[in-house]
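Student: After the structure tokens below, expect a handful of questions from me.
The values are calculated or read from the model by the stated rules, or taken from the named source; none is laboratory data. No experiment lies behind these values; they were computed from the predicted model shown. Positions of Cβ are generated from backbone atoms using ideal geometry, with glycine treated the same way; all protein chains shown enter the neighbour counts. We work out accessible area using only protein heavy atoms, side chains counted, and drop any ligands, DNA or RNA first. Shrake-Rupley method; radii C 1.70, N 1.55, O 1.52, S 1.80 Å.
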Amino acid sequence: MNTNEKIRVLGKGITAQAIKEKFPNALLYDDKDFELYDLNSEKRTIVSPGIPPFNQMIKKAKNIQSDYDLFEDVMPFSIWISGTNGKTTTTQMCQHILNSHNSVCGGNIGTPLSKLDLKASIWILETSSFTLHYTNIAKPNIYILLPISEDHITWHGTFKEYEDAKLKPLLLMEDNDIAIIPQKYKDYKTKARKVIYKDSDDLCKKFDIDKSKIKFKEPFLLDALLALVSKKIISDEIDYKRINTFTIDEHKVEEFNDNKNRIWVNDSKATNVDATINALVPYKDKRIHLILGGDDKGANLIPLFENINKLNIKVYSIGTNSDKVENYCNEYNIEVENCKILKNSVIKINENLEDDSIGILSPAASSLDQFSSYAQRGKEFKELVLGLSKL
């Protein structure tokens with residue numbers, strides 16, 4: 001890696017600024033600089049992951065790479081974690097369980113690659129489909145792939161393009177690498193040694209893990225098992241004690257009680273259909289009051305309604321797709337109330353919530369239509385619930 005190289009970087013966000021610190025001669029561009037952009041340049045062009053492939057700078061650029069490719073020749077032993085849901089938690093759990101092995105984590109969460117310690121023994125990287133789309137050289141030593149379901153269709157164009165991005169590392173991996181992948185992709189071409197899993201029970205069987213010794217239940221059980229598997233591969237140890245000291249982040253199936261001791265669940269992090277389906281599993285025997293809606297990013301919502309119409313459920317729709325959610329509920333004979341905004345949904349649930357039921361925000365959609373982030377949406381939800389006596 002030559003830090004004096006005069007590379008181009010498309011984007012001026014966190015990833016781009018971190019690259020500029022490492023490569024002071026780098027030139028940064030965004031859409032406002034397009035007139036200064038040399039369409040014929042053969043310079044290595046690093047793309048910030050947020051820039052979609054239909055952007056004009058991308059379409060007219062040559063020699064496109066990701067920041068992963070930029071560090072390919074100096075990257076330590078690396079574990080890449082991807083999939084649609086659970087990759088952040090799995091990454092955090094892997095770091096928690098492997099930090100005694102001089103590991104660091106980053107990528108799509110926390111620390112950009114350009115700021116990771118090159119002297120670390122292991123890089124644990126949460127890896128987005130956006131980054132993988134532009135990655136053409138770098139590859140992981142261990143690839144942990146969680147199940148893939150529809151997400152980011154607006155960015156990728158089709159589900160197949162999204163899925164292909166997630167599977168791309170398999171094409172780049174070598175004989176000594178290990179890929180832990182869902183059974184659906186058992187026949188996908190790769191030189192890596194494949195470990196195929198159907199579900200949590202299958203992983204337990206393959207790696208001789210006793211799930212009764214793990215404190216986490218679904219949807220976090222699979223994340224915990226994959227973290228345990230990463231350590232098993234590296235040190236031949238199942239570290240139940242360490243994994244059980246991990247604490248789940250806020251806004252992920254986070255239970256709390258209101259002033260009447262009724263159960264509410266903050267699952268604002270559920271920004272796609274599969275996440276919401278998984279979040280409802282622990283509550284399938286209860287009466288569920290579910291807040292749905294936001295920016296669905298063009299995803300197919302039908303599988304969600306095909307799943308939840310089997311539950312004892314009422315939906316409270318919010319966000320820019322609230323009418324769409326209401327229409328689907330009507331089509332699938334699901335009780336629904338169109339609330340438009342979060343505050344209205346909390347007020348309505350408060351009127352209907354009984355002691356043996358739950359109120360859950362698990363929107364299956366991005367927050368950016370009405371909030372600055374899923375965290376802000378989750379924080380407002382909790383504040384509204386805990387302040388119900390003032391509403």
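Student: Quick check, is Asn333 at positive phi and either without any contact (Cβ under 8 Å) to a residue 12 or more places away in the chain or open to solvent by 60 Å² or more (accessible area, probe 1.4 Å) (or both)?
Tutor: Considered against the rule, which asks whether it is at positive phi and either without any contact (Cβ under 8 Å) to a residue 12 or more places away in the chain or open to solvent by 60 Å² or more (accessible area, probe 1.4 Å) (or both), Asn333 comes out as yes.
Student: Can you name every residue in region 221-251 that is touching a Lys or Arg at 6+ places or on another chain (Cβ under 8 Å) and closer than 24 Å to Lys184 by Cβ?
Tutor: If the condition is that a residue be touching a Lys or Arg at 6+ places or on another chain (Cβ under 8 Å) and closer than 24 Å to Lys184 by Cβ, then Leu221, Leu225 are the ones that fit.
Student: Can you name the residue in region 166-203 that is among the basic types (Lys, Arg) and without any contact (Cβ under 8 Å) to a residue 60 or more places away in the chain and is also farthest from Ser66 (Cα to Cα) among such residues?
Tutor: Taking the candidates together, the pick is Lys198.
Student: Output the number of residues of region 147-166 satisfying the condition of being under 15 Å from the mean Cα position of the chain (by Cα) and either among the hydroxyl-bearing types (Ser, Thr, Tyr) or closer than 15 Å to Tyr188 by Cβ (or both).
Tutor: 7
Student: Anything in region 220-259 that is surrounded by fewer than 17 Cβ atoms within 10 Å (Cβ to Cβ) and closer than 23 Å to Asp274 by Cβ? List them, or say none.
Tutor: Ile248, Asp249, Glu250, Glu255, listed by residue number.
Student: Further question on the same structure: When Tyr68 is evaluated against the numbered criteria (1) open to solvent by less than 40 Å² (accessible area, probe 1.4 Å); (2) within 28 Å of Asn244 (Cβ to Cβ); (3) of a type outside the set (Gly, Ala, Ser); (4) at pLDDT 95 or above, which criterion, by number, is the only one it fails?
Tutor: For Tyr68, the failing item is (2).
Student: Take region 30-83 and flag every residue that is of a type in the set (D, E, K, R), closer than 24 Å to Gln95 by Cβ and in a loop (DSSP other than H, G, I, E, B).
Tutor: Matches in region 30-83: Glu72, Asp73.
Student: Would you please list the contacts, defined by Cβ atoms under 7 Å and residues six or more apart or on different chains, that run from a residue in region 46-74 that is farther than 22 Å from Lys22 by Cβ to a residue that is among the hydroxyl-bearing types (Ser, Thr, Tyr) and part of a loop (DSSP other than H, G, I, E, B)?
Tutor: Lys62/Ser41
Student: Do the conditions hold for Asp355, that is, is it closer than 20 Å to Thr154 by Cα and surrounded by fewer than 22 Cβ atoms within 10 Å (Cβ to Cβ)?
Tutor: no
Student: So which of Ala275, Ala299, Ala279 is within 21 Å of the chain's Cα centre (by Cα), in a loop (DSSP other than H, G, I, E, B) and hydrophobic (A, V, I, L, M, F, W, C)?
Tutor: Going through Ala275, Ala299, Ala279 in turn, the sole match is Ala299.
Student: Could we say that Glu250 is assigned to a loop (DSSP other than H, G, I, E, B), over 24 Å from the mean Cα position of the chain (by Cα) and within 18 Å of His96 (Cα to Cα) here?
Tutor: Taking the combined requirement at face value, the residue does not satisfy it.
Student: Still on this structure, I have one more. For region 148-183, what are the residues that are outside any helix (DSSP H, G or I), open to solvent by less than 60 Å² (accessible area, probe 1.4 Å) and either at pLDDT below 95 or in contact with a Ser or Thr (Cβ under 8 Å, 6 or more places away or on another chain) (or both)?
Tutor: Ile148, Ser149, Glu150, Asp151, His152, Gly157, Met173, Ala179
Student: In region 242-285, which residues are among the aromatic types (Phe, Trp, Tyr) and within 16 Å of Gly359 (Cα to Cα)?
Tutor: Scanning region 242-285 gives Phe256, Trp264, Tyr283.
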